[in-house]
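Take a look at the structure set out below.
The values are calculated or read from the model by the stated rules, or taken from the named source; none is laboratory data. What you are looking at is a predicted structure, and each value in this text was computed from that prediction instead of being measured. Here the Cβ positions follow ideal geometry from the backbone for every residue, glycine too, while neighbour counts run over all protein chains shown. Each accessible area value is taken on the protein alone, full model and side chains, heavy atoms only, with ligands, DNA and RNA left out. Shrake-Rupley method; radii C 1.70, N 1.55, O 1.52, S 1.80 Å.
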Amino acid sequence: MAHTKRTLCVRNQKRRSLQVPALQLHVSKTAMRASQKDFESALSQVKLLKDPGNEVKLKLYALYKQATEGPCNTPKPGVFDLINKAKWDAWNALGSLPKETARQNYVDLVSGLSSSSDSSSQVKPEADRKQPGYETLVVTYEDSITKIMMNRPAKKNAVTTQMYNEIMLALKAASKDDSAITVLTGNGDYYSSGNDLTNFTDIPPEGIEEKAKSGAILLRDFVDCFIDFPKPLIAAVNGPAVGISVTILGLFDTVYASSRATFHTPFSHLGQSPEGCSSYTFPKIMGPAKAAEMLIFGKKITAAEACAQGLVTEVFPDSTFQKEVWTRLKAYSKLPPNAMRISKQVIRNREKEKLHAINAEEIRVLQERWLSDECTNAVMNFLTRKAKL
Ligand SMILES: CCCCC/C=C/CC(=O)SCCNC(=O)CCNC(=O)[C@H](O)C(C)(C)COP(=O)(O)OP(=O)(O)OC[C@H]1O[C@@H](n2cnc3c(N)ncnc32)[C@H](O)[C@@H]1OP(=O)(O)O
């Protein structure tokens, strides 16, 4: 029973149809009315269904036993007999549920599973998998993975105000959907060229200070979303990465990089200062000396160097990057999602408060830098094409 590709909408329908709490299978209005024939038909139907997962299979098993044999009265299997113990527990949990009610609940459950698997097979996967409402991103769900792809390849995936907002929206949605892991990546030859420098040009009538203030709030909220993201978060760095797209990597759980990727934080060149909690995470990850070379002197490092310094988890040859990374991620996405979330919490939670405070402090400093001549000149030089990195 293969896992199928489908839209969130269909997944939600399916989830609703599977909402049969293990210990509270209710007596429906039609209870007592499921005939032996209905039950036998459900027994045949269940063999044709796609794999509904272990939890539902246990419910089906328990209801079947209750419907055919009545309350569980066999000895409890030993602790090491895991499978039989899980089955026994599920059956025993039904207590004294009458046989007729168990039969009806079995028929209802199979009927719900059949209709949801019918509707999922009607989905046209390729077109529908893309989630609507994003202009700067392509957000998809497949194989229990939410993939957030920055999608301004002609501009090297530079992060506009709109993209900051859309990434926050996508992360908030991914934290609540039933994906097991979330991946951020880029479309085209770049992962991201960092903050879109035209963000600094749109000055409101209230003046540059107001612009710096609103930019600071946006950036603080953006980085906070990464600090608070509850599920495993993976960066698939498909090409060069600059500025904010590099600094937030310290807040990811895993970073895979193409051999073509480079990592560049040219803050001094731009008259700016570190953000994304990198003033804390980078020295912690790579040691203060290597962090200073990147964050103060703007040294661009290769994927191999970033891996040696601990910023990158693993580097893959560019020619096989996509294939190898997605094969790996699909395997990880099948691990028990709650265990992965909880492990992430255990690893990350004790630092959260500290990271929020660091984020706030970095932004306080950066907001002042944005008003400096050094920063204004650097941005003007880029926009008038006098300077590139
Ligand atoms: C709300 C505010 C929050 C602020 C948060 C602060 C974050 C800090 C940072 O992120 S600092 C990093 C800022 N990024 C840069 O300084 C990179 C600037 N870009 C470049 O130096 C070069 O474009 C390049 C080295 C990334 C790529 O050079 P290449 O020659 O390969 O390509 P082009 O320069 O021709 O780029 C193609 C088009 O894309 C536009 N573009 C690329 N990056 C940015 C960018 N960061 N901001 C704005 N525009 C960018 C480039 O202008 C070209 O556009 P065009 O085709 O219309 O000319």
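Some observations on this one:
- Karplus-based coupling profile of region 151-159, in residue order and whole Hz: 10, 10, x, 5, 10, 6, 6, 4, 8, with θ = phi - 60° in 6.51 cos²θ - 1.76 cosθ + 1.60 and x standing for Gly or Pro.
- Net charge of neighbours whose Cβ lies under 15 Å from the Cβ of Asp81, counting Lys and Arg as +1 and Asp and Glu as -1: +2
- Under 5 Å from the amide H of Leu184 lie the amide H atoms of Ile148, Ile234, Ala235, Ala236, each residue being 5 or more positions distant or on a separate chain, with H modelled from the backbone and absent for Pro and chain starts.
- Using the 1.4 Å probe convention, the accessible area of region 248-363 works out to 49 Å² per residue with neighbouring protein chains retained.
- Just the protein heavy atoms count here, and of the accessible area of region 76-232 at 1.4 Å, carbon and sulfur take up 54 percent.
- Multiplying the residue separation of Gln322 and Ile208 by 0.36 nm and subtracting their alpha-carbon distance yields 36.8 nm.
- Calculated FRET value between Lys85 and Asn165, using beta carbons and R₀ = 51 Å, to 0.05: 0.55
- Take the Cβ atoms of Lys99 and Lys300, set R0 to 56 Å, and the FRET efficiency comes out at 0.20.
- Region 36-82-region 315-329 distance, computed between alpha-carbon centres (Å): 41 Å
- Long-range amide H partners of Ala158 with built H, under 5 Å: Ser193
- Contact order relative to length of the chain, as percent, for alpha carbon pairs under 8 angstrom and 6 or more apart: 14 percent
- Fully extended contour minus Cα-Cα distance, from Asp178 to Glu293, at 0.36 nm per residue: 37.4 nm
- Whole-percent carbon and sulfur share, accessible surface of region 240-341, 1.4 Å: 61 percent
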